[in-house]
Amino acid sequence: AMLMPPLLILTASNRLVQNRLSTLQAWMSKTFTKQLMLPINFKGHKWASILLALTLMLLSLNLLGLLPYTFTPTTQLSMNMALAVPMWLSTVLIGMRNQPTISLGHLLPEGT
């Protein structure tokens, strides 16, 4: 848990490969993003950076709970709602904008 935050810090340099740590970080980020975006069509790939950042934040916060005498912030409903409601609302609004009839059809009972 103590080694995870330094792995998440992005560093900028003019070298292609800086060191083993940044190579490991880039490989992990690329592999995770590829696995996350595999079942999603090309238009959904614009969400990759948001989902990657959210997942890494949740991972680091939950790893924080493994340390003794610490409190995991994700146990609070207020934090979970603060993360979930904007993501849910954005997907609903984007669905209403791009495919309004299909999105409105989900509000009706099946078979009507």
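Along Cα→Cβ, 7 Å out, is where each label goes; now give me the distance between the ones at LEU51 and SER22 in nm to one decimal.
Here the modelled spin labels are 2.8 nm apart.
Please list ARG97, ARG20 in order of solvent-accessible area, largest first, computed with a 1.4 Å probe with all protein chains present.
ARG20, ARG97
The values are calculated or read from the model by the stated rules, or taken from the named source; none is laboratory data. Remember, it's a predicted structure, so these values are computed and weren't measured experimentally. Don't worry about glycine lacking a Cβ; one is built from the backbone with ideal geometry, like all the others, and counts go over all protein chains shown. Heavy atoms of the whole protein, side chains included, go into the accessibility calculation; ligands, DNA and RNA do not. Shrake-Rupley method; radii C 1.70, N 1.55, O 1.52, S 1.80 Å.
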